[in-house]
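Right, one structure below, let's go through it.
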Amino acid sequence: MSERNPIKLFVTHGWETGDDYLRVFEYLESIGNFYYQNFSAPERRPGNDKEAQREELRRQINPAEAVVATVGLHRTQPDLFMFQLNFAKACDKPVVAVEPFGAKIEIPKAIKGLVDEVVGWNERDLVDAIRRQARH
């Protein structure tokens, strides 16, 4: 991983830049010498058509080397969140789940079965997990 060869990431989203989504990038930016390219684009919502939204998510996830799943999204948009995880796994993308911020809740087994690693909200833990999963 270098500036010329950044890790290609997708961060789960519900067609908005919620607190957890933005917090992921704050954490990634706080670590020196960590280069990534963000393929998630919550601003590109293709209207309210469910299949069009799924197709756009497929386009965003497909080039990623790793997916960062903000588990807090599961509480507000469970179907959309699970679609993103299932598609990532169908494409054999490693998934790093980040626990819900500020809450100690058990991550559902359905989610645990689709992720490769679970981390808390710690900059170093998140970056290390992404490096391990994306580039082994």
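The values are calculated or read from the model by the stated rules, or taken from the named source; none is laboratory data. Computed from a prediction, not measured in an experiment: that's the story for all the values here. Backbone-built Cβ (ideal geometry, glycine too); neighbour counts: all protein chains shown. SASA here: full protein model, heavy atoms, side chains in, ligands and nucleic acids out. Shrake-Rupley method; radii C 1.70, N 1.55, O 1.52, S 1.80 Å.
Remarks
Residue by residue, here is whether (1) out of contact with any helix residue (DSSP H, G or I) (no Cβ under 7 Å at 6 or more places or on another chain); (2) closer than 17 Å to C91 by Cβ; (3) β-branched (V, I, T) holds:
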| position | (1), (2), (3) |
| --- | --- |
| S2 | yes, no, no |
| D19 | yes, no, no |
| V24 | yes, no, yes |
| L28 | no, no, no |
| Q53 | yes, no, no |
| L57 | no, yes, no |
| Q60 | yes, yes, no |
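- The one condition in (1) over 20 Å from Q133 (Cβ atoms); (2) more than 13 Å from the chain's Cα centre (by Cα); (3) at pLDDT 95 or above that D92 fails to fulfil: (1)
- Summed over segment 75-94, residues that are outside any loop (DSSP other than H, G, I, E, B) and open to solvent by 50 Å² or more (accessible area, probe 1.4 Å) total 7.
- Flag for E65 being free of Cβ contacts under 8 Å to residues at least 40 places away in the same chain and at negative phi: no
- Candidate set: segment 18-49, residues that are open to solvent by 70 Å² or more (accessible area, probe 1.4 Å), in a helix (DSSP H, G or I) and not basic (K, R); chosen: the one farthest from R132 (Cα to Cα): E43
- Comparison of A97, A52 shows that the only residue that is open to solvent by less than 10 Å² (accessible area, probe 1.4 Å), at pLDDT 95 or above, outside any loop (DSSP other than H, G, I, E, B) and not β-branched (V, I, T) is A97.
- Checking each residue in segment 115-127 for being part of a helix (DSSP H, G or I) and either free of Cβ contacts under 8 Å to residues at least 24 places away in the same chain or not β-branched (V, I, T) (or both) picks out E123, R124, D125, L126.
- Checked against (1) in a strand (DSSP E or B); (2) open to solvent by 50 Å² or more (accessible area, probe 1.4 Å); (3) not aromatic (F, W, Y), V68 meets all criteria but (2).
- Matching residues in segment 101-114 - criterion: being touching a helix residue (DSSP H, G or I) at 6+ places or on another chain (Cβ under 7 Å) and either open to solvent by 70 Å² or more (accessible area, probe 1.4 Å) or not in a helix (DSSP H, G or I) (or both): F101, L114
- Among the residues of this structure, I130 does not count as one that is over 13 Å from V11 (Cα atoms) and either open to solvent by less than 40 Å² (accessible area, probe 1.4 Å) or in a loop (DSSP other than H, G, I, E, B) (or both).
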